[in-house]
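The values are calculated or read from the model by the stated rules, or taken from the named source; none is laboratory data. Note that the structure is a prediction, hence the values are computed from the model and not measured. Glycine also receives a Cβ, built like all others from the backbone with ideal geometry; neighbour counts cover every protein chain displayed. Areas reflect the complete protein model, heavy atoms only, side chains present, ligands, DNA and RNA absent. Shrake-Rupley method; radii C 1.70, N 1.55, O 1.52, S 1.80 Å.
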Amino acid sequence: MKKLLTLFVAMMMVLAVSCKKQEAAPEVGPGAKIRVGFSQIGAESDWRKASTVSIQEEAAKRGIELLFSDAQQKQENQLKAVRSFIAQGVDVICLAPVVATGWEDVLKEAKAAKIPVILIDRKVTVSEDGLYSCYIGSDCTEEGRKAARWVIENVGENAGIAELVGTVGSGPAIERKKGFEEIIKDHPGLKIIKSQSGDFTRSQGKEVMEQFLKSPEKDQIKVLYAHNDDMALGAIQAIEEAGKVPGKDIVIISCDGVKEMFKMILAGKANCTVECNPMIGPQLYDVIEGYMREGKPIPERVESIEGVFDSKNITQEVVDGRRY
Ligand code: GYE
């Protein structure tokens, strides 16, 4: 009995630390409308477009009123959107932050208005705790590690690596670089010899790769590590235009797992994509409805489940079944 009691107390303690201290939920009935303000980054990649669809479709399905704002990759637009959501008194704010810093003031304003903020897909760096309720999304550092492990296992110990970095200052760009470097640092033959941002877009991925392929180091580039599929897809075009064979002369690995990248891997023009799941609408509204309708505390972290895809597990069936 005493053992059971100790276990119960321990479980309650774990529960207490894993939930951020927050206002009691307003508790609305099953029929009442929930209003959510969502500040989306933009439409820079296939991944982003899929994430927008997931959040919009799921809101419609559940009868949740969604106020949607597209920031066109600009933080100033996101700050305006969040402030307007606060002014309109939404129940919950959902924010996909384009960069990691610069959010303290607006998050304090939301907190003062007692509106919980749920971050999705990108993290922020803030100096104090409790400025947002929850982060739903991927572990992008782990994605970087997975990419590096794949290179070590499939390419070997010696290769010059070109890196296409995501949006400067964004969580995924910082973390995917960090995770990748953390693993290759113990493999001295694997070196990043070129590294530049392509802002997560196909057009800039192509442009930057063109420059890499004109640089004095061009013949040492044996691997391309792109922080997202769109930049890799742009780079594939640049590689072909430079008269090289993508997937063979230069091994290509990126993050996201969008359908277009799957097709390239199946065609042998790319080699691997580390999955990052954009379909988080259902997880987001489970948290919001749990909080609003049942008074459940908002969890601090909701993780998405993700895999690694290469020629060993991509088939035509997998490509056809991919929604985005
Ligand atoms: O990898 C990229 C997008 O924030 C995780 O943003 C997301 C990234 C994703 O534009 O394609």
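Taking first residues from the stretch 36-55 that are within 18 Å of residue 136 (Cβ to Cβ) and partners that are polar (S, T, N, Q) and in a loop (DSSP other than H, G, I, E, B), the Cβ contacts under 8 Å between residues at least 6 apart in sequence or on separate chains come to 37/88; 41/73; 47/228.
Listed residues 263, 222, 296; which is more than 16 Å from the ligand (Cβ to nearest atom) and assigned to a loop (DSSP other than H, G, I, E, B)? It would help to see each step written out before you state the result.
Working: 263 fails: assigned to a loop (DSSP other than H, G, I, E, B); 222 fails: assigned to a loop (DSSP other than H, G, I, E, B).
296 is the lone residue from the list that is more than 16 Å from the ligand (Cβ to nearest atom) and assigned to a loop (DSSP other than H, G, I, E, B).
For residues that are of a type in the set (Gly, Ala, Ser) and touching an Asp or Glu at 6+ places or on another chain (Cβ under 7 Å), scanning just the stretch 199-241, find the one that is surrounded by the fewest Cβ atoms within 10 Å (Cβ to Cβ). Only one residue fits best here, namely 238. Whenever a residue of the stretch 122-144 is in contact (Cβ under 8 Å) with a residue 60 or more places away in the chain and farther than 19 Å from residue 290 by Cα, its partners that are more than 16 Å from the ligand (Cβ to nearest atom) and outside any helix (DSSP H, G or I), lying with C-beta atoms within less than 9 angstrom and at least six residues away or across chains, give the pairs 129/20; 129/21; 130/20; 130/21; 130/22.
Once the stretch 263-320 is narrowed to residues that are within 17 Å of residue 232 (Cα to Cα) and of a type in the set (S, T, N, Q), the residue that is least open to solvent (accessible area, probe 1.4 Å) is 273.
Going by the conditions given, is residue 251 open to solvent by 10 Å² or more (accessible area, probe 1.4 Å), within 21 Å of residue 181 (Cα to Cα) and away from the ligand (no atom under 13 Å from the Cβ)? So that I can check it myself, show each step before the final result.
Working: open to solvent by 10 Å² or more (accessible area, probe 1.4 Å): yes; within 21 Å of residue 181 (Cα to Cα): yes; away from the ligand (no atom under 13 Å from the Cβ): yes.
It is true that residue 251 is open to solvent by 10 Å² or more (accessible area, probe 1.4 Å), within 21 Å of residue 181 (Cα to Cα) and away from the ligand (no atom under 13 Å from the Cβ).
Within the stretch 193-206, if we keep just the residues that are more than 16 Å from residue 246 (Cβ to Cβ) and not in a strand (DSSP E or B), the residue that is nearest to the chain's Cα centre (by Cα) turns out to be 200.
Tally up the residues in the stretch 166-192 that are touching a residue at least 60 places away in the same chain (Cβ under 8 Å), assigned to a loop (DSSP other than H, G, I, E, B) and of a type outside the set (Val, Ile, Thr), please. Total satisfying the criteria: 3.
With the requirement that a residue be on the phi < 0 side of the Ramachandran plot and among the small types (Gly, Ala, Ser), what does the stretch 243-291 give you?
Matches in the stretch 243-291: 254, 267, 270, 281, 290.
Out of 59, 87, one residue alone is touching a strand residue (DSSP E or B) at 6+ places or on another chain (Cβ under 6 Å) and either more than 16 Å from the ligand (Cβ to nearest atom) or open to solvent by less than 10 Å² (accessible area, probe 1.4 Å) (or both). It is 59.
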